[in-house]
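The values are calculated or read from the model by the stated rules, or taken from the named source; none is laboratory data. No experiment lies behind these values; they were computed from the predicted model shown. Note: ideal-geometry Cβ built from the backbone for every residue, glycine included; neighbour counts use all protein chains shown. SASA here: full protein model, heavy atoms, side chains in, ligands and nucleic acids out. Shrake-Rupley method; radii C 1.70, N 1.55, O 1.52, S 1.80 Å.
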Amino acid sequence: MNALISTALSGVVMMFAGLFVSNKQRIKFIAIVVLLACLVANLAELSTIEAGDRTLYGMITISRFSILFNAIALGATLIFFLLSGSAFENVGEHVADYFALIFFILSGITLASTFSSLLMLFLAIEIISIPQYILAGSDKKTPKSSEASLKYFLMGSFSTGILLMGITLIYGATGTFSVADLGLGAGKVNTLALCGIILVAFALSFKVSAAPFHFWTPDVYDGSPTVFTSFMATVVKAGGFIAFIRIFHGAFIGERITADWQLLLAIITAATLIIGNFTAVFQQSVKRMLAYSSIAQAGFMLLAVVSMNAYATQGIVLYAAAYSVATIGIFAVMIKLKDYTFDGFNGLARTQPVLAITTTIFVCSLAGIPLTAGFFAKYFVLTAAVEQGNLLWLVIVAVICAAISAYYYFRVIIAMYFKQGEPATAPITGGFKLMLIITAAIVILLGIFPGLLLQLI
């Protein structure tokens, strides 16, 4: 609850900061200080749940897991502000408003991690989505940005309607909005409830860019300002998955997911892995490659949704942290480059060795190479699927797709170290390089000692 209130108030604070503070760097500093206050307020709530989870009015449930996930989202956003906050002013004049919108998105994410009612789920998804439509079209100088915003808005509106219809059908079948009281995992699910579950699953699949609801992702990510794509592809996606986990692992509490549902989710997961990885292979733009790879990464995170065990919970937490930190890092490097194609990275190791080394670490983490956070993230979600008992075929598909992903990720490393070129870059400060090194160190630290994070669950 502390995180929800503090992030919402922070958005209001940033709106007023835009009225009274003209210096854009000072606005960034205010945003960082306010975000740190939100992080402290979130962690302070741990003392209130020592006796167990706390439910407020049947709408929100505060648990250790939700507080930890909120801390990961806020921490990843802090890294995002420190690395890429200065790039906001390259998008437009309304820097404070951009920070405010991000804080409002964070308030939606904190609600997604704590909801215990389907009504709160709907509010969380909308609070997350609406500011993104604005951020996607914030670069008024680029027609692609307006196109991305329009596509995102139209597709998002349709998915919202589908979500509402699904919630309506579930309420009609069960007579309650409470996730804990739905009882959809016990006994036979009636047809009305089953239709509602399918619609909710499809709507959430759109939000996390799972196939076959992923078609908006490449155009929206490519057309949006790169600095905002970084946030949309990481923290926001993780927020969508925490909503996925809470609705399924809450609605089916005490019972294994039914065979039909498990098969449906497994098919969506396999399609997401295959389409994301195979399409990323043919991209010539690193930005579009990362867009398609985000679809592939969504497939791995879906393994945690399909699997109803402790490994799934640990896996989604570690994956959210590993994927967010690594992707924010590589986008921060890309923002400094003038050319987003693979050729734009040619020779980067010679001209900017710090950027090349840190990018290599981030890319290796996304590929799941040992000694990086991405390795253990993939290990836990794959182990969760194996423990489920009947998903061995899906594990095989995921491992093959992970091997394919190494090809397009390593293309970036080959361009930096084994090809000649003079990549044009924006001015790079010592502070930026230091923050990149710290971010890369976090990726390696979580890759060697994942227990540092998992023991907090």
Would you calculate the separation in nanometres between label points at Ile5 and Lys140, each defined as 7 Å from the Cα along the Cα-to-beta-carbon direction?
3.7
In nanometres, what is the gap between the two model label sites at Val399 and Val12, each 7 Å from Cα along Cα-to-Cβ?
5.4
Accessible surface, 1.4 Å probe, highest first, among residues Leu119, Leu39:
Leu119, Leu39
Jot down the per residue volume, in cubic angstrom and as a whole number, of the convex hull over the alpha-carbon atoms of segment 335-457.
114
Diffing segment 198-203: the Karplus 3J(HN,Hα) column from phi (6.51, -1.76, 1.60, θ = phi - 60°), in whole Hz with x for Gly and Pro, holds 4, 5, 5, 4, 5, 5
Roll a 1.4 Å probe over the protein heavy atoms and report the accessible area of Arg54 in Å², nearest 10.
80
Positive minus negative residues near Gly108 (Lys, Arg vs Asp, Glu; Cβ under 12 Å):
0
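Sorted by accessible area with a 1.4 angstrom probe, largest first, how do Tyr98, Tyr57 fall?
From most accessible down to least: Tyr57, Tyr98.
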Check cross-link reach from Lys287 to the aspartates and glutamates: straight Cα distance under 12 Å, and skip same-chain residues fewer than eight apart.
Asp219, Asp222, Asp339
Would you be so kind as to identify which of Leu46, Ala76, Met59 lies farthest towards the positive end of the dipole of segment 24-76, taking Lys and Arg as +1 and Asp and Glu as -1 on Cβ and the Cα centre as origin?
Ala76
Taking the chain as the reference, fit the longest principal axis to its C-alpha atoms, fit the long axis of helix 373-388 to the helix C-alpha atoms, and give the angle between the two in degrees, 0 to 90, nearest 10.
20
Where the convex hull is taken over the Cα atoms of segment 15-154, what is its projected area averaged over directions, in nm²?
9.4
Can you tell me the length gained on complete extension of the stretch Ala180 to Ala44, counting 0.36 nm per residue apart and subtracting the Cα distance?
46.4 nm
Measuring from label point to label point, each 7 Å out along Cα→Cβ, what is the Leu445 to Ala424 span in nm?
3.8
First measure r as the distance between the Cβ atoms of Val281 and Glu93, then evaluate 1/(1 + (r/R0)^6) with R0 = 51 Å and state the FRET efficiency to the nearest 0.05.
0.85
CD proxy, 222 nm, the chain: helix-only mean residue ellipticity via -39,500 (n - 2.57) per DSSP H run with n ≥ 4, per residue, nearest 500, stands at -24500 deg cm²/dmol
Cα-based Rg/(2.2 N^0.38 Å) for segment 322-374, rounded to two decimals, is 1.11
Solvent-accessible area, 1.4 Å probe, carbon plus sulfur percent, for the chain:
69
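Taking the Cα centre of the chain as origin and charging only Cβ (+1 Lys, Arg; -1 Asp, Glu), how large is the dipole, in debye to the nearest 20? Could you put the intermediate results ahead of the total?
Numbers: 23 positive and 18 negative charges, 145 e Å.
Around 700 debye, computed over the chain.
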For the chain, what is the Kirkwood hydrodynamic radius in Å, using each pair of distinct C-alpha atoms?
22.0
Cβ under 15 Å from Val381's Cβ, Val381 left aside: what net charge do those residues give with Lys, Arg +1 and Asp, Glu -1?
+1
